[in-house]
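Q: Let me begin by handing over the structure; questions about it come next.
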Amino acid sequence: MKIMIIGSEGMLGHDLVDVLSVDNEVCTTTIDTLDITDINKTIKTVKENNPDVLIHAAAFTDVDSSESNPDLAFKVNATGTRNVAVACQKADCAMVYICTDYVFDGTNSSPYREYDQTHPLGVYGKTKHTGELYIRDLLNKFYIIRTSWLYGYHGPNFVTTMLNLAKKTKNINVVNDQIGSPTYTVDLANAIALLIKKPTYGIYHVTNSENCSWYDFAAEIFKQSKVDVNLKPVTTEEFPRPAPRPKYSVLENYNWNMEGYPRMRSYKEALTDYLKLL
Ligand SMILES: NC(=O)c1ccc[n+]([C@@H]2O[C@H](COP(=O)([O-])OP(=O)(O)OC[C@H]3O[C@@H](n4cnc5c(N)ncnc54)[C@H](OP(=O)(O)O)[C@@H]3O)[C@@H](O)[C@H]2O)c1
C-alpha cells in the first residue's frame, strides 16, 4: 500500500513514518515541503504522490496560543484540513485525520463514545472539530481518529516537561481535576496501521486504556522513573491557563473494540516502554 504522511516531522508523524515504513511504501511532507494552507499546492502534491491512503498529522497544536491566534489556528486546523480533504477527493484516496478529545466539553461522567454530542470549549477544539466537519461533508473514505494527551519520543510533551521540572525544583504542583487518557504515539501509530488495512471508514476513539488526572499521571511518571519530588495536587482554578479545558475527556475506544481490534494497553504499561527510550 502507498501511504502519504503529512506532518511527518511532528511528534506523532515521526512514529507513523517508523511504524508504517515496515510494510508499506511511505512518502512524506513537512511544513517546509507542503504548507497545507495552500490549496493548489496541496492538491498538486497529493495528486503527484498518488497514495492509497493519506494520513494528515499536521496541525497547529498549541492549545493556549490558539486563544490569542484564532485565525492562524483556524487557517491550519480547519481550512488546511479542508484543503487536504479536497486533495484526497481529487486523488481518490482514503484520508486519516487525527483529531482530539477537546471536541468534547467534559461534562460527561462516563467515557465519551464516538456518537456522543461534540461541544468544544476552546479555539483549538473548535478548529479541529471544524476540520472533522469538512471531511465528513467532502469525503466518503475517511477515518477520523480522536485521541488524547499524546506523548512520544519526537516532541515536547507532559512526561519530559515533568522530568525536566524535577531537575529544577522538588516542589511540583499539578492539576488534579482534569481527567483523561494519556496515549503513547507509538501505540497510536500501530493502531492506525491496523485500522487502514480494512475499509471500515468512520470515526474512532483511540487512546491507551485506563484514565487518570494530570496529577495521577505525574505521580506515575515519577514513580516509574524513581524520581523523588513533593508533588501537590491543585485545581484548574489555582493553575489558570489561557484556554479552557474539558474536566473529563476520557474517550471510550468503542468503535475500535466493536471492530474486534485488540484492546489498547494501559497508559501505565505504555509509559514504561516510553521511559526506556529516555
Ligand atoms: N499532542 C497532543 O496531546 C494531541 C492530542 C490529541 C490530538 N492531537 C492531534 O494529533 C496530531 C499530531 O499531534 P502532534 O502532537 O504530533 O503535533 P506536533 O508535534 O505539533 O506536529 C504537528 C506538525 O504539523 C506541522 N504544521 C503546522 N502547521 C502546518 C502547516 N500549515 N502545513 C503543514 N504542516 C504544518 C508542524 O510543523 P512546525 O512544528 O514546524 O510548526 C508539526 O511538524 C495533530 O492533529 C493534533 O491535533 C494531539
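Q: Filter region 103-120 for residues that are touching a Lys or Arg at 6+ places or on another chain (Cβ under 7 Å) and in contact (Cβ under 8 Å) with a residue 40 or more places away in the chain; which is surrounded by the fewest Cβ atoms within 10 Å (Cβ to Cβ)?
A: Applying the first criterion (touching a Lys or Arg at 6+ places or on another chain (Cβ under 7 Å)) to region 103-120 yields 103, 106, 120.
The next check asks that each one be in contact (Cβ under 8 Å) with a residue 40 or more places away in the chain; those that pass are 103, 106.
Values: Val103: 26, Gly106: 19.
Ranking the qualifying residues of region 103-120, first place goes to Gly106.
Q: Would you check if there is a residue in region 71-81 being free of Cβ contacts under 8 Å to residues at least 12 places away in the same chain and under 27 Å from Pro120 (Cα atoms)?
A: Scanning region 71-81, I find at least one residue that is free of Cβ contacts under 8 Å to residues at least 12 places away in the same chain and under 27 Å from Pro120 (Cα atoms), so the answer is yes.
Q: Where in region 200-278 are there helices (runs of 4 or more DSSP H), lying wholly inside it, with at least 3 residues that are within 13 Å of Pro182 (Cα to Cα)?
A: Here the list reads 214-225, 267-277.
Q: Follow-up question, since we're still on this one. I'm trying to understand the selection: among the residues of region 161-184, which are of a type in the set (Lys, Arg) and outside any loop (DSSP other than H, G, I, E, B)? Show your work before the answer.
A: Step one: filter region 161-184 for residues of a type in the set (Lys, Arg), giving 167-168, 170.
Hits for region 161-184 are Lys167, Lys168.
Q: Another one. Answer with yes or no whether Leu16 is touching a residue at least 12 places away in the same chain (Cβ under 8 Å), closer than 20 Å to Asp187 by Cα and surrounded by 15 or more Cβ atoms within 10 Å (Cβ to Cβ).
A: So Leu16 fits the description; yes.
Q: Out of (1) farther than 21 Å from Thr200 by Cβ; (2) out of contact with any strand residue (DSSP E or B) (no Cβ under 7 Å at 6 or more places or on another chain), what's the single condition that is false for Asp92?
A: Condition (1) is where Asp92 drops out.
Q: Mind checking which residues of region 9-26 are assigned to a helix (DSSP H, G or I) and either near the ligand (Cβ under 8 Å from one of its atoms) or not hydrophobic (A, V, I, L, M, F, W, C) (or both)?
A: Selection gives Met11, Leu12, Gly13, His14, Asp15, Asp18.
Q: Inside region 114-123, can you point out the residues that are within 13 Å of the ligand (Cβ to nearest atom) and closer than 21 Å to Tyr143 by Cβ?
A: Matches in region 114-123: Pro120 only.
Q: Can you give me the number of residues within region 137-166 that are surrounded by 18 or more Cβ atoms within 10 Å (Cβ to Cβ) and charged (D, E, K, R)?
A: Residues meeting the conditions: 1.
Q: Kindly evaluate Asp187 against the criterion of being over 20 Å from the mean Cα position of the chain (by Cα) and in a helix (DSSP H, G or I). Don't jump to the end; show me each part of the working.
A: Working: over 20 Å from the mean Cα position of the chain (by Cα): no; in a helix (DSSP H, G or I): yes.
So Asp187 fails the test.
Q: Quick test of your reading of the structure: Lys198 fulfils all but one of (1) farther than 15 Å from Gly152 by Cα; (2) crowded, with 22+ Cβ neighbours inside 10 Å. Name the failing condition by number.
A: (2)
Q: All but one of (1) assigned to a loop (DSSP other than H, G, I, E, B); (2) among the charged types (D, E, K, R); (3) more than 8 Å from the ligand (Cβ to nearest atom) hold for Asp35, so report the exception by its number.
A: Just one mismatch for Asp35, condition (3).
Q: Condition check: assigned to a helix (DSSP H, G or I) and in contact with a Pro (Cβ under 7 Å, 6 or more places away or on another chain). Does Glu67 satisfy that? Don't jump to the end; show me each part of the working.
A: Details: assigned to a helix (DSSP H, G or I): yes; in contact with a Pro (Cβ under 7 Å, 6 or more places away or on another chain): yes.
Criteria met by Glu67.
Q: Could you identify the single residue in Ala78, Ala59, Ala73 that is surrounded by 22 or more Cβ atoms within 10 Å (Cβ to Cβ), in a helix (DSSP H, G or I), under 18 Å from the mean Cα position of the chain (by Cα) and within 13 Å of the ligand (Cβ to nearest atom)? Before the answer, list the steps.
A: Numbers: Ala78 fails: surrounded by 22 or more Cβ atoms within 10 Å (Cβ to Cβ); Ala59 fails: in a helix (DSSP H, G or I).
Residue meeting the stated conditions: Ala73.
Q: While we're looking at this one, here's another question. Select from region 85-113 the residues that are away from the ligand (no atom under 14 Å from the Cβ) and part of a strand (DSSP E or B) and list them in ascending order.
A: Matches in region 85-113: Ala94 only.
Quick note: the coordinates plus some simple rules give every number you see, no bench work behind them. Bear in mind that the values here come from a model prediction, so they are computed numbers and not experimental data. Note: ideal-geometry Cβ built from the backbone for every residue, glycine included; neighbour counts use all protein chains shown.
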